[in-house]
Amino acid sequence: MHKPELILRHKMFDRVCHWFVVATGIFTFLTGFSFFYPSFQWLGLIAGTPELARALHPIAGLLMCLPLMVMLARYYHHNKWEKGDLTWMLAIKDVMLENEDKIPPIGHYNPGQKVLFRTFVITSIVLTITGIMMWQPYFTPFFSTVSVQWAILLHAVCAVIMLIFVIVHFWMATWVEGSVAGMLYGYVSKAWCKKHHPNMLNDESHSEK
Ligand code: HEM
């Protein structure tokens, strides 16, 4: 049987980081949203009791945001804004309709993913800082009441923004066939790169299998 030529897209360290972030992220989001409205309280049952949800949420949040920041730092060089990116953005209709001959070629990441990258950078930093400021009884006493009130507001806004972008990210990842397998096993086929990220084939930093 013909075996497709494979290219390494995600290193083992990044894949472990990614799925760890997903696991801790599910716990963080469910416990976090259980504090939003009384009718969401049942979401916190993932921790056992509302008290445990309250105690474990900040720890899970750190376990989500810190590896996420490491991962984002490692993907930084793939996410620099490039010359053709605006043209790709303007051709978004053809991207959605999969009119491949009309889509400008892109490299390791498309501009949509680059926007997502920037959103994750901002929201993970803000969520970490504001989360520490709100962490009773350990850190909150070090900050003024007004700054803690701002922290609470920013924390909630960033959590909602991150959730919206995670949903979009999940949708895009499952829409592009072969993408999730790439994040699970690390490798994608040359044909996949040619279809979705053609300029990646010119990048010599990817080792082949
Ligand atoms: C079950 C939910 C998720 C699935 C199925 C998923 C899937 C994927 C896939 C397939 C990729 C590789 C994309 C590519 O090769 O082009 C990826 C990359 C990435 N994911 Fe996720 N992901 C999920 C949740 C998350 C969460 C919760 C975060 C963080 C908040 C996250 C952050 C990232 C980052 C930073 C990358 C690398 C950069 C990028 O591709 O934008 N993912 N994910």
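Assorted remarks:
- Filtered by the rule that a residue be in contact with a strand residue (DSSP E or B) (Cβ under 8 Å, 6 or more places away or on another chain) and either at pLDDT 90 or above or closer than 30 Å to residue 33 by Cα (or both), the range 180-205 gives 181, 182, 186, 187, 188, 189, 190, 193.
- Scope the range 108-146; condition among the aromatic types (Phe, Trp, Tyr) and either outside any helix (DSSP H, G or I) or touching a strand residue (DSSP E or B) at 6+ places or on another chain (Cβ under 8 Å) (or both); matching residues: 109, 135, 138, 139, 143
- When the range 120-131 is filtered for residues that are of a type outside the set (Gly, Ala, Ser) and surrounded by 18 or more Cβ atoms within 10 Å (Cβ to Cβ), the ones remaining, listed by number, are 120, 123, 126, 127, 128, 130.
- Only one of the numbered conditions (1) in contact with a helix residue (DSSP H, G or I) (Cβ under 7 Å, 6 or more places away or on another chain); (2) hydrophobic (A, V, I, L, M, F, W, C); (3) within 16 Å of the ligand (Cβ to nearest atom) is violated by residue 47, and that is (3).
- Of the residues 86, 72, the single one that is part of a helix (DSSP H, G or I) and farther than 30 Å from residue 16 by Cβ is 86.
- Failed item in (1) under 23 Å from the mean Cα position of the chain (by Cα); (2) modelled with pLDDT under 95, with residue 124 passing the rest: (2)
- Positions within the range 50-65 being away from the ligand (no atom under 12 Å from the Cβ) and not acidic (Asp, Glu), in sequence order: 50, 52, 53, 54, 55, 56, 57, 58, 59, 60, 62, 63
The values are calculated or read from the model by the stated rules, or taken from the named source; none is laboratory data. What you are looking at is a predicted structure, and each value in this text was computed from that prediction instead of being measured. Every residue, glycine as well, gets a Cβ built from its backbone with ideal geometry; the counts of neighbours run over all protein chains shown.
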